[in-house]
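Trainee: For reference, the structure I am asking about is given below.
The values are calculated or read from the model by the stated rules, or taken from the named source; none is laboratory data. Source: prediction; values computed, not measured. Here the Cβ positions follow ideal geometry from the backbone for every residue, glycine too, while neighbour counts run over all protein chains shown. Ligands, DNA and RNA are stripped out before the accessible areas are found, and what is left, the full protein with its side chains, is counted by its heavy atoms. Shrake-Rupley method; radii C 1.70, N 1.55, O 1.52, S 1.80 Å.
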Amino acid sequence: MKTSIYSRHRFHPDVIRRAVWMYFRFNLSFRDVEELMIERGVDVSYETIRRWVDKFGSKYAKRIKSRSEPPSPVWHLDEVYTKINGKMVYLWRAVDDEGTVLDVVVQRRRNTKAANRLLRKLLKNQGIRPKKIVTDRLGSYGAALKLLGLKHLQDVGGRKNNRAECSHVPIRRRERKSQKFRSVRNAQKMLSAHGQIYNLFNHRRHLISGKSLRKFRQQAQTEWNIVTASAWA
């Protein structure tokens, strides 16, 4: 018999699922979620919500990833810098040509070794071989692709990598709301979970009709209910 992931928690699973959903779905702080939960009659502290997000966010993200469709074979790679405890770090990110977040790796370097780590992780976890890899002109990408024998897949130039650059916007919003990340480990854990949950609810509403949007929203909510269930195969 499988043990519920919510065992030994005082609050009902529906309360936990709702709090975690609000934090990842919208650009809210832990204190914002606390206020919204109190308005709904649930007296829970922001510190408890933080612990729920830390514990269950990654669990939900892994379940979403395991049930998701394979991504597009066209990958866009980019990196953006941020500061953690006053030190410069880089958020290496990959998305496909439909804007689906493939992975994010927080690293202290912006060199060939760092690019190689991102690429190896992508090749291992995506379950599909890329047909094209779009990057900016950073030399580390070309060097890493050459090491992996994928240099012929690289596409560089112009505005071809706008897809990856625009994908940084939700992360920047989350970073500002969180008042900076506290550590590399916590940033990696939170961003990995954020990417998968963002994928589930990202419908690109400006490209679809209202009827299709309602349908996709219902499908996303149903999927969320499945992956956040107490017992899960």
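Trainee: I'd like the per residue volume of the convex hull spanned by the Cα atoms of the chain, given in cubic angstrom.
Mentor: In the chain, the Cα convex hull volume per residue is 143 Å³.
Trainee: Let me ask something additional. Using the Kirkwood formula over every pair of different C-alpha atoms, what hydrodynamic radius in Å results for the stretch 32-153?
Mentor: For the stretch 32-153, inverting the mean 1/r across all distinct Cα pairs yields 16.7 Å.
Trainee: From the alpha carbon gyration tensor of the stretch 27-96, can you work out the equivalent ellipsoid semi-axes (sqrt of 5 times each eigenvalue) and give them in Å, largest to smallest?
Mentor: Semi-axes, largest first: 31, 20, 11 Å.
Trainee: How long are the semi-axes of the ellipsoid equivalent to the stretch 104-169, from square roots of 5 times the Cα gyration tensor eigenvalues, in whole Å, largest first?
Mentor: So the three semi-axes of the stretch 104-169 are 16, 15, 14 Å.
Trainee: In the chain, with Lys and Arg counted as +1 and Asp and Glu as -1 at Cβ, which of these residues, Leu36, Asn161, His194, has the Cα nearest the positive end of the dipole, that is, farthest along it?
Mentor: Projecting each Cα onto the dipole axis, the largest value belongs to Asn161.
Trainee: Accessible area of the stretch 128-179 with a 1.4 Å probe: how many percent of it is carbon plus sulfur?
Mentor: Heavy-atom surface of the stretch 128-179 belonging to carbon and sulfur, 1.4 Å probe: 49 percent.
Trainee: Among Leu102, Ser66, Tyr141, whose Cα sits farthest toward the positive end of the charge dipole of the chain (+1 at Cβ of Lys/Arg, -1 at Cβ of Asp/Glu, about the Cα centre)?
Mentor: Farthest along the dipole direction, towards plus: Tyr141.
Trainee: Could you compute how much accessible surface Lys131 exposes when probed at 1.4 Å, giving the result in Å² to the nearest 10?
Mentor: Answer for Lys131: close to 150 Å² accessible.
Trainee: Determine ³J(HN,Hα), in whole Hz, for all residues of the stretch 150-163 in sequence, where each value follows from phi through the Karplus function 6.51 cos²θ - 1.76 cosθ + 1.60 and θ = phi - 60°; x replaces Gly and Pro.
Mentor: Along the stretch 150-163, the couplings run 10, 4, 5, 8, 6, 10, 10, x, x, 9, 5, 9, 4, 4 Hz.
Trainee: Pairs Lys121/Lys151; Lys65/Lys160; Lys55/Lys189: which are spaced more than 20 Å apart, C-alpha to C-alpha?
Mentor: Long pairs (Cα-Cα over 20 Å): Lys65/Lys160.
Trainee: One-quarter of the Cα convex hull surface for the stretch 1-46, in nm²?
Mentor: So the mean shadow area of the Cα hull is 3.6 nm².
Trainee: Next question, about the same structure. How much accessible area per residue does the stretch 69-201 have, counting only protein heavy atoms and a probe of 1.4 Å, in square angstrom?
Mentor: On a per-residue basis, 51 Å².
Trainee: Beyond 26 Å between alpha-carbons counts as too far, so tell me which of Lys87/Lys113; Lys59/Lys146; Lys59/Lys124 fall in that bin.
Mentor: Lys59/Lys146
Trainee: Any idea what log10 I(q)/I(0) is at q = 0.22 Å⁻¹ for the stretch 106-233, Debye with uniform C-alpha scatterers and no solvent?
Mentor: -1.36
Trainee: Residue-wise, which Karplus ³J(HN,Hα) couplings in Hz belong to the stretch 186-203, taking 6.51 cos²θ - 1.76 cosθ + 1.60, θ = phi - 60°, and x for glycine or proline?
Mentor: 5, 5, 4, 5, 5, 5, 5, 5, 4, x, 5, 5, 4, 4, 4, 9, 8, 9
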